[in-house]
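Working notes, beginning with the structure itself.
Each value in this text was obtained by applying a stated rule to the coordinates, not by laboratory testing. In this text the structure is predicted, and so the values were computed from the model without any measurement. A quick note on method: Cβ atoms are made from the backbone with ideal geometry, for glycine too, and the neighbour counts reach across all protein chains shown.
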DNA sequence: ATTTGGCGGTAAACCGCTTAACTGAGGTGT
DNA sequence: ACACCTCAGTTAAGCGGTTTACCGCCAAAT
């Protein structure tokens, strides 16, 4: 292995000078610089990260901590990983993957090893014990997602308010007045603390009120079968509905196939707009789902950048809320009949096919 | 930060003794052991990975190198990442994510940093320049996937032969004699070197021949729309087909919806069996796809374990070929009519379903 | 002519841990 | 009784860098 000593020797300078040049931490004359650089080239020198880390107390490694066991990884999980890894590389950091429990025990253990300069925390809970662990360890961190009181915490998250607003407006502008939200299942004890669901739910109720729309919200867990079931209930209980927003990814698929199976034409009889989805999934339905594309890649990247800013103590990135952006598909159209106004007519459907 | 020196001091021993105890690299009397352990407990000592790495020349970090830019990540990518990360943790290693180009340039750069003890290489090409880079760097590595000549290389891969055999047998046993494979698009220059597609194609031709079945293979890239197009062509060119195997994940979705759109009943009119898929995706079609579940988690885990074995120079794990296992869904049934071909009487079935 | 001070460069002390070589106090064999 | 092992521990030399003093030199200031 070629070390700095070798380079220094060949360039006829001291090892310190090489270090100063490499880190640009002290000026060096053009002549010596040239000699050193030539020497490095000749020898094929590569600076050893580990030694550097030990001496400088900065490893240039950051961790992405995500809930282990949790096998309900959506499509967007790998987007987080890859976008974060790329952002890290770009800044000359490495990203390690840390599957950790939600209680923070494993996280504390890992932090103790002194391997990482900072942590990007995924799937942040509304009240997250891991944050205390990070604080106690005095380890810089950034959140993807946020707690109930995120003020002062470096974080990025989906802008649920804007996302829902945009979604509702999209439908409203096309004439829809009878909307429904197929939401997350907040009654499920595992999720009534789940930020995205809570926030979308709240945002929707607010926006619907603003638009003077009736508030129809059906809980639904994130599976296609749950989606089918939810839409059946919707048709039975609120047949006047002309457009449905679906929060969950897999549920949205279920909603579309449930509608088709029930003989409804999408978007003829009912429009469907998926709220947080990735294009690959949306393309799977027939017709292709119109969706708000979940900003997974942006979040992974921004979260990482926010963390690295702290580490390089540049001016900290302010909290970023990124809305999901509309990605048109083929499941939204104008409602079939002129809008029925207060209490007026409603429609079933009878398209069938086989 | 509590260092080994602190511990040694408090326990009244030399720092070396602490190290020997920690690494179990030299015997220590019960009495001193107890004193040291107590001291560590009192002080809350955590051994510093970086210093250890520098001194021992083993970082206990491994990299997962995967092709950057390649945004055609299937659902199984995050399975690789998480299963590898978990396997690494279990053995007290850390996993870093390295998005690298296929030419090996970035990989060489990263290896030079001396950060990792070894590399798990994903998406191995049939002739992969990155392997030479790893060899030159004398870095231990394991492959997920394999080259044309994988002998001598530590690797794990899907057992395409068994997978295809099992798939064909499954259909054959249910009475199908007119199969078709909707394969990868090997004509696409980007992919005619893509191992999984090449191997499935080859395996299918072999197995079909063994079973005395006509060989019908349609190329198809991995999108739902390509799947739809492919199945339309299939219906036009080979209307006698009673069951279709689909290699690609998204294509399989397209095949099902294409069939439904064309007025075919699945599986009544045509059975569909997806070859390499994850359950989450399969659940999205209606009816749910019958599939061979791609062994993503196993591969990530086994690849990591194989690498770590090398690093700990235990007896090396032999190359592992893991077949995809059948996961029943609702898209395979017996063919409707008795098979029209020459030869003896056979019985088809006429189960239908709606 | 002497002082001052900036500047390119060096020496050496770490960073926290591993490990080879060494020490010294019991047992053993003869 | 003496040399010879064993065995738990210790000393100290690294691992490959970073970083804080410090030094000598020359130009500008006095």
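Listing for the model above:
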| quantity | calculated |
| --- | --- |
| Distribution of pairwise C-alpha distances over segment B:154-212, 10 Å bins, in % | 22, 48, 25, 5 |
| Gain in span if fully extended, residue B:233 to residue B:138, counting 0.36 nm per residue against the direct Cα distance | 29.2 nm |
| Paramagnetic reach from residue B:24 in segment B:311-326 [backbone N under 20 Å; point 7 Å along Cα→Cβ] | B:311-316 |
| Helical contribution to [θ] at 222 nm, DSSP H n ≥ 4, -39,500 (n - 2.57), averaged over chain A, rounded to 500 | -12500 deg cm²/dmol |
| Gyration tensor (alpha-carbon) shape descriptor, segment A:208-315, a/c threshold 1.5 | prolate |
| C-alpha long axis of helix A:76-90 to longest principal axis of chain A, angle in ° | 30 degrees |
| Candidates B:296, B:118, B:263: whichever shows maximal mean-square fluctuation once chain B is modelled as a Gaussian network with Cα springs under 10 Å | B:263 |
| Cβ-based exposure ranking for A:64, A:4, in which fewest neighbours within 10 Å come first | A:4, A:64 |
| Burial ranking of peptide ranges A:28-34, B:196-202 (average Cβ count within 10 Å, highest at the top) | B:196-202, A:28-34 |
| Partner chain coverage, peptide A:46-56 - average Cβ within 10 angstrom | 6 |
| Inter-copy spacing of residue B:232 label points, which lie 7 Å from Cα along Cα→Cβ, given in nm from shortest upward | 3.3 |
| Virtual spin-label span in nm between residue A:126 and residue B:311, 7 Å along Cα→Cβ | 4.0 nm |
| For A:116-124, mean number of other protein chain Cβ atoms within 10 Å | 0 |
| Residue order, fewest to most beta carbons within 10 Å, for A:94, B:192 | B:192, A:94 |
| Cα gyration tensor shape of segment B:48-107, rounded if a/c is under 1.5, else prolate or oblate by comparing a/b with b/c | oblate |
| Chain B: angle of helix B:160-173 to the longest principal axis, Cα-based, in degrees nearest 10 | 40 degrees |
| Computed over segment A:16-66, the ratio Rg/Rh where both radii use C-alpha atoms and Rh is Kirkwood | 1.11 |
| Extent along principal axes [Cα atoms of the protein assembly as shown; Å; largest to smallest] | 83, 69, 61 |
| Per-residue Cβ neighbour rank within 10 angstrom, fewest leading, B:172, B:66 | B:172, B:66 |
| Mean separation of Cα contacts under 8 Å, 6 or more apart, over the residue count of segment B:1-91: relative contact order % | 23 percent |
| 10 Å binning of all Cα-Cα separations within chain A, expressed as whole percents from 0 upward | 5, 22, 25, 18, 13, 8, 6, 3, 1, 0 |
| Nearest-first distances (nm) between copies at residue B:212, label 7 Å from Cα via Cβ | 7.6 |
| Cβ neighbours within 10 Å from other chains - mean over A:76-87 | 5 |
| Estimated FRET transfer efficiency (residue B:330, residue A:148; beta-carbon r; R0 56 Å; 0.05) | 0.85 |
| Cα gyration tensor, segment B:68-222 - rounded (a/c under 1.5), prolate or oblate | prolate |
| Percentage relative contact order, chain B, counting C-alpha pairs under 8 Å, at least six apart | 16 percent |
| Label geometry 7 Å along the beta-carbon vector: residue A:105 inter-copy distances in nm | 4.8 |
